[in-house]
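Here's the structure we're looking at; comments come further down.
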Amino acid sequence: MERAAAYWRQAPGAFRIGAVILAIHLTLALLGWIWTPYDYTARVGIPLSGMSWEHLFGVDQNARDIFSRVLYGGHIVILLAVSGTLLGVLVGATLGLTSGYLGGWLDEVVMRLFDAFNSIPFLVLGLLASAVAGPVASGNPLLLVGVVALVYAPRVGRIARSAAQNIATQDYVLIARLRREGVGSVVRREILPNCSGPLLVEFALRAGYAPVLIGSLGFLGFGVRAPLPEWGRMIAENRNLIFTTPEALLAPGIALATLVVGLNLFTDGVARLIGRSSVHENG
Amino acid sequence: MAQSEALSSGGEPLVAIRDLGLAYHQNQQLNDVLHHVSMDIKAGEIVGLVGESGCGKSSLSLLLLGFRHPAARIRSGEIRFKGQDLLTLPNREITRLRGNKIGFVPQNPTTALNPGMRVGAQIAEALTVHGKARGGEALRRRIVELFENVGLPEPRTLLRRYPHELSGGQQQRVTIAMALACGPDLLVLDEPTTGLDVTTQEQIILLLKSLRAQYGMAMLYVTHDLGVLAEIADRISVMYAGHLVEAAPTEALFAYPRHPYTRGLIGSIPRIDGSRAREGRLTGYLDRREIPPGCPFQPRCPLADEHCPVESQYLSGIAENHAVACRNWQEVTPLSFDDGELSRPERAAASESLLEVSNLTLRYDGGGLMVRLGLAAELPAVVREASFEIDAAEVVALVGESGSGKSTIARAISGLLEPAEGEIRFHGAPLQKKIDDRPKQLVSKIQFIFQNPDASLNPRQSVGRSLARPIEVFFGRGRSEAGELVAKALEEVMLSSDYARRYPDQLSGGERQRIAIARALVAEPDLLLCDEVLSALDVSVQANVLDLLERLRSETSVAMLFISHDLAVVRRLADRVCVLYHGQMMEQGRVAAVFAPPYHPYTLTLLMSVPGSPLRKTTIEPAAREERKPEPQGCAFAGRCPWQPDERCYDQPPPLHRTEGGLAIRCHLPLDDLMRIGLEAEENAPSAAQERKAGNLP
């Protein structure tokens, strides 16, 4: 606890602002259902009747309360972003660490594969993946998690590989090899614990951008299926109302923007703290 | 030394450090690194500053150069250079002095020289910055002159080379030339020979001595190696935990060390005749995080009494030029030494052969597929047709300078590197070339210990985990059972069982190396491959680990392949010695035979280069020869050998001579000649006993 307090005092101001924004978002996402006045699918008001005390952000074309939908959408976005990033880091780290440790032709093949994926813009890659998955799978939240992972895994993999390459030449890895330990065992016991710093930073930074990726896919209609109130999808649904009831798309827009800004400030600070502490440990 | 006394008599000293206190700002607090340090450097004098890693000697030398680290805070005192206080001088003035009146020779010339710039241009830069030359022919002449002064061959062509095209010794000569360029009054040398081979180190020391005689500049020689200072310094200051504990003229310091730390330091140095101090060697280590109040050495001091933890002690004069910071200095007795290998029981020869290496040729895989397709040339062999044996429970040393292929041989035995040719037999059966082809129980029988203890332990694993892992892998024991064995293994290396919970960053270098040894021992090996296991350690720590290895040698039946460049340690520990040069086995035999005539010319060269060796003072000038590389089948030492008989050394394989003492020497010279050369060298040298009496030997 004392250490946490010390970290808080040392942390840069941007990190603290980010942490506060993120804390608000998390609280809303976790506890929002308690005070959402209405269900996110319920038809409760007169469509497009504007802001009122009953409907803080107004009512959309389908007579649903926008405030309730935005609140409910929070946990969907955060859940998808975090689990997608987690899967991406998991896959990328496994491939990257293994190929960095083994080297040789396997390393070449994996790296060229990563390069190929990295050369495709992430939105195009996401659209491609959704299209390939077909109409049955499209709209499934699991597909979205998979798409985020597919976009991030090669990027994380590159970082993991270069970290593993530095560790692989250390004498303690040689000692493990001299015990005839298997690849999995060496990667898990010797290499992964010593690469945890860069991998955590990577997770934090990627998680910060994941809501943008999910929102973009949702906006283009490749996100979750209606009527789930994912923010990107809500912006798309309500975009023709921009002149009549702008709050209908401003509300999810502002929610998404603050979440991304908060996440980025926070993860940037985390990355710096991890970087600083690892430097400190070595010194 | 007479010359320096003449120079130093009277007048204000060139450098006067008075009551200097320095602290570094770390983790929001000030950590003191120098405490009330006072010392003088007179014009033309070579002062040695010696201490173990982290004692603050480098911080002092950097201050002397006028570098002010952003985290450094001066607590007290001043450094006067020719009357100016370097600590208060404006930066502009300091820049004018540094490189001009105060020169610096760094430890590692490879990183000190700019790799992208020709060496001549780097010297030119030093000269023009201080306005000593304008450019053109005059500048060029000056650089050539400097290169000639530091003994670089063919200076005119050399100045157009890049640093990577020069050898380590040549690079260090370039940095010395750079330091000399502006004709400084003071040269600060920070471990200038530490990374170099002994033969190169000897040449650099000779060069520094001749430069002092020629230019009469003063030097501050900072090092951890007392043996080197015995060769070059007029006076020595000993530093411990930021305190100067003793300052004395070199002879007096070695003959009558008055501080217990100095005495322990001298007693801990492995001596080339294999002898060791009977008592007074250093124990424990300095924990920089917990420097005790009062005298910093008191927890490790055999003479400490109840006043020592209370009273701070600073240098005070006890004789002319001799100052010591110890209240009990009168109780410090002179060192006495045992008889080295003579005191060691000779072990019964050849019990049972454990490892046989025959005609081993090793090369690193350069082009891979390209070589197989004939598109690229094969890399030259690192080791050529090496053969030797290790008997059960025997310690065999592989000796040689860097690049001689000794570590490569160990890698081949361990299975990390596939031999190109030749065979390795273990317990009579051929050993599989690759580690992955060897059965687990065989893998456990050969254990490797690396040079650098910092890199050989996983920083994210507790000591207990590191030690338990081999037990789990080799013997399939569970964690609870492993726990007992771990405690036993820790006891074996003289560490208490609560070390199992610690992490590597909580340990000192010596403790880490002991853990690495314990990890190798839990596998219950028959053969330990020890690759330079002492060379990364401080002198006092080295002595402790050496004690541990000696105990293993006498109490267990494990055999060792002990790889080292340190002849003194080898003489102490090994039963047999193999001398390697550029991948060729030059000589092998029992310790007593290798360290007595007839010597192989290379072994003799090594022995003549080691500081403190009885053969040290003989000067047999190597015959001047043209730079010619020997053919692969010729003798690898050809071209560097002072006694080389003729041209056949370059292109014919040297014949093998065997003496009655079981010594095998590969040389074109007949045995009688080698015997004569060895005896002559010993006659020319003052005997070791006389040397010690004169105080020239550590």
- Alpha carbon centre of region B:35-90 versus region B:490-553: separation in Å? 36
- Message: Antiparallel versus total DSSP beta bridges in region B:522-649: what percent is that, nearest 5?
- Response: 55
- Which Rg and Dmax, in Å, describe the Cα atoms of chain A? 22.0, 74
- To the nearest 10 degrees, the tilt of helix A:192-219 (Cα long axis) against the first principal axis of the alpha carbons of chain A is 30
- Message: At q = 0.16, 0.17, 0.25 Å⁻¹, what log₁₀ I(q)/I(0) does region B:49-98 have when each alpha carbon counts as one equal point scatterer in the Debye sum?
- Response: -0.49, -0.55, -1.05
- Task: Count the DSSP beta bridges whose two residues both fall in the protein assembly as shown, then state the antiparallel fraction as a percent rounded to the nearest 5.
- Result: 60
- Kindly put B:K433, B:K42, B:K101 in sequence by how many other C-beta atoms sit within 10 Å of each C-beta, fewest to most. B:K433, B:K101, B:K42
- Message: Tell me the relative contact order for region B:416-476 as a rounded percent, counting alpha carbon contacts under 8 Å between residues six or more apart.
- Response: 23
- Message: How many angstrom lie between the Cα centre of region B:448-474 and the Cα centre of region B:284-339?
- Response: 36
- In degrees, nearest ten, helix A:247-282 long axis to first principal axis of chain A (Cα): 20
- Quick one: work out the % antiparallel among DSSP beta bridges in chain B, nearest 5. 60
- Item | Value of [θ]222 nm, deg cm²/dmol, for chain B, DSSP H segments ≥ 4, -39500 (n - 2.57) each, nearest 500 | -9500 deg cm²/dmol
- Message: Tell me the relative contact order for chain B as a rounded percent, counting alpha carbon contacts under 8 Å between residues six or more apart.
- Response: 12
- Item | Sorted by Cβ density within 10 Å, fewest first, the residues B:E660, B:E421, B:E251 | B:E660, B:E421, B:E251
- Task: Return the distance in nm (one decimal) between the two label points of a simple spin-label model at B:N31 and B:K434, each offset 7 Å from Cα along Cα→Cβ.
- Result: 4.6
- Item | Per-pair calculated FRET efficiency, R0 = 30 Å: B:E418 and B:E481 via Cβ, rounded to 0.05 | 0.25
- Partner chain coverage, peptide B:458-466 - average Cβ within 10 angstrom: 4
- Between region A:1-67 and region A:212-241, the Cα center-to-center distance that results, in Å: 18
- Hydrodynamic radius by Kirkwood, which averages 1/r over all alpha carbon pairs of region A:149-216, in angstrom: 13.3
- Work the Kirkwood hydrodynamic radius out for chain B: mean of 1/r over every pair of different alpha-carbon atoms, inverted, in Å. 27.4
- Cβ density ranking, 10 Å radius, fewest first, applied to B:H35, B:H259, B:H657 yields B:H657, B:H35, B:H259
- Rounded to the nearest 500, what is the 222 nm mean residue ellipticity of chain A from helices alone, with -39500 (n - 2.57) per DSSP H run of 4+ residues and division by all residues? -25500 deg cm²/dmol
- Determine which aspartates and glutamates satisfy two conditions relative to B:K82: a Cα distance under 15 Å, and not lying fewer than 8 residues away in the same chain. B:E12, B:D40, B:E45, B:E93, B:D185
- Query: Roughly what angle does helix A:13-35 make with the longest principal axis of chain A, taking Cα atoms, 0 to 90 degrees, to the nearest 10?
  - Reply: 50
- Could you work out, residue by residue across A:178-190, how many beta carbons of other chains sit within 10 Å of that residue's beta carbon, and then give the average as an integer? 4
- Message: Can you give the local net charge around B:G280? Use residues other than it whose beta-carbon is closer than 12 angstrom to its beta-carbon, Lys and Arg +1, Asp and Glu -1.
- Response: +3
- Message: Can you order the peptides B:109-120, A:184-195, B:45-56, B:452-463 by their average number of other Cβ atoms within 10 Å per residue, highest first?
- Response: B:45-56, B:452-463, A:184-195, B:109-120
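The numbers here are math on the coordinates, done by the rules we state, and not lab data. In this text the structure is predicted, and so the values were computed from the model without any measurement. All Cβ positions, even for glycine, are placed from backbone atoms using ideal geometry, and neighbour counts span all protein chains on display.
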